[in-house]
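**Student:** Attaching a single structure in structure tokens format; questions to follow.
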Amino acid sequence: MKKIIAVVIAVLLLTLPMSLSAFAAGEINESEKNILDELYEKVAINGKKFIVPTEYVVQAENYFKTVDIDPTQAAEIITYIDQGKEILINSDIKSTTNLKVLPVPDKQKLLDLGKKAVAVTGGTLVYDGSHVKITNSQAQLVFDSAPIIKQTGVEADFTAVIIAASAAAVLFGAAVVVAKKRGLFAK
Amino acid sequence: MFSSDFDTGSDDEGIYSDIFTEASLSGYEGVIPASSITYPVYGTKYGEISIYTNGTVYTSSLIFGDTGYILRRGVGQYMGSHFPGEGSTILISGHNTTHFNCLKHTKVGEFIEVKTHYGNFKYEIIEVGPKHKTDTSAYDLASDKEYLILYTCYPFDVVGFKVNRYYVKSILVSGPEIDPYS
């Protein structure tokens, strides 16, 4: 849940586009630019400043390049954004530049708002306890909070094998100890 | 939970499109209006990377996104990084046993070409070497200079869990510029 609030801020921005034609014009319009400019700076709410990680903002920017903002449905999404801002304004954080320290109940409220906002455009937000993924109405991944640097080798399968082998070795060793104690090994 | 070369399937099976192969590479020069570009979504091949090293050229498909599914098919661009021509950092990963095994041969001063469906770009390698996977000095996604950063797991030929990555950092030498607001 560490980065959940920063994620949800970006989520709420990602939900602004409502017309999800697959390959719309790539330009970023004035509304999108203003949002992105604000995100690249510290987000200031009621004197409190929050930082959205660059990688989240860039994902939002890259998503804006594939859709066009339609103001009609955006109004509903903006209400969710306003509700999210209220949560941040009323939070107990005194002075921080990092969204990670928000209380868990506030984080959960923001997550719920993010899901509602994503659903307006037919998208889906999934939080698996560690990462947030957002897919659009065409099931295309548009946002992922997974670590920036990925695993790019064959160690994953081998890791699983090593873990399994280690577990087997521990069990075997434990069995031997028990057997010795019980005098099961003949001398 | 794990990404792997040997995954037999994934939830995003079938989400793979190609806007590069059929594109007409008209060789954009100068400034390209963003409104004229069809930006890729996750799983879309939009270019090819050619690495000139070791006396040969190593070419791989360039796909937007960097999940295990994508890395089995080519090299993947991190979705939180920028596109060639945007004047900032492009972060691309590939498997150390396949597409990016060639990174072990690369040297400062060599060149990398990136061909996309909207233009061709050339980069010169300025730094190579391993760093811990948590070392954020390896990349700057907010850079105001255009860097192409390729990375893969390190060491190359050792089986096992790897905490290091091998980075090849290059800087833009030539290519069109994208105007995001036109």
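**Student:** Residues that are open to solvent by 50 Å² or more (accessible area, probe 1.4 Å) and at pLDDT 80 or above: list the helices (runs of 4 or more DSSP H) wholly contained in the stretch A:23-121 that include at least 3 such residues.
**Tutor:** It comes to A:104-120.
**Student:** Return the residue satisfying two criteria in turn: it lies in the stretch B:170-182 and is in a strand (DSSP E or B) and buried (at least 20 other Cβ atoms within 10 Å of the Cβ), and of such residues it is farthest from the other protein chains (Cβ to nearest Cβ).
**Tutor:** Looking at the filtered set, the residue picked out is B:S170.
**Student:** Determine whether B:K115 is open to solvent by 20 Å² or more (accessible area, probe 1.4 Å) and part of a loop (DSSP other than H, G, I, E, B).
**Tutor:** Here the answer is no, as B:K115 does not meet what is asked.
**Student:** While we're here: Quick one: which of B:V163, B:V128 is within 14 Å of another protein chain (Cβ to nearest Cβ), open to solvent by 10 Å² or more (accessible area, probe 1.4 Å) and among the aliphatic types (A, V, I, L, M)?
**Tutor:** Of the residues listed, the single one that is within 14 Å of another protein chain (Cβ to nearest Cβ), open to solvent by 10 Å² or more (accessible area, probe 1.4 Å) and among the aliphatic types (A, V, I, L, M) is B:V163.
**Student:** Quick one: B:N120 ticks every box in (1) under 14 Å from the mean Cα position of the chain (by Cα); (2) within 9 Å of another protein chain (Cβ to nearest Cβ); (3) among the polar types (S, T, N, Q); (4) surrounded by fewer than 22 Cβ atoms within 10 Å (Cβ to Cβ) bar one, so which box is it?
**Tutor:** (2)
**Student:** Continuing with the same structure: Assuming B:I149 fulfils every condition listed in (1) part of a loop (DSSP other than H, G, I, E, B); (2) within 16 Å of the chain's Cα centre (by Cα) apart from one, which condition is it?
**Tutor:** Unmet for B:I149, out of (1) part of a loop (DSSP other than H, G, I, E, B); (2) within 16 Å of the chain's Cα centre (by Cα): (1).
**Student:** Another question, if that's okay. Looking only at the stretch B:43-79, filter to residues that are in contact (Cβ under 8 Å) with a residue 60 or more places away in the chain and small (G, A, S); which one of those is nearest to A:Q140 (Cα to Cα)?
**Tutor:** B:G68
The values are calculated or read from the model by the stated rules, or taken from the named source; none is laboratory data. What you are looking at is a predicted structure, and each value in this text was computed from that prediction instead of being measured. Using ideal geometry, Cβ is built from the backbone for each residue, glycine included, and neighbour counts are taken over all protein chains shown. The area values use the complete protein model at the heavy-atom level, side chains included, leaving out ligands, DNA and RNA. Shrake-Rupley method; radii C 1.70, N 1.55, O 1.52, S 1.80 Å.
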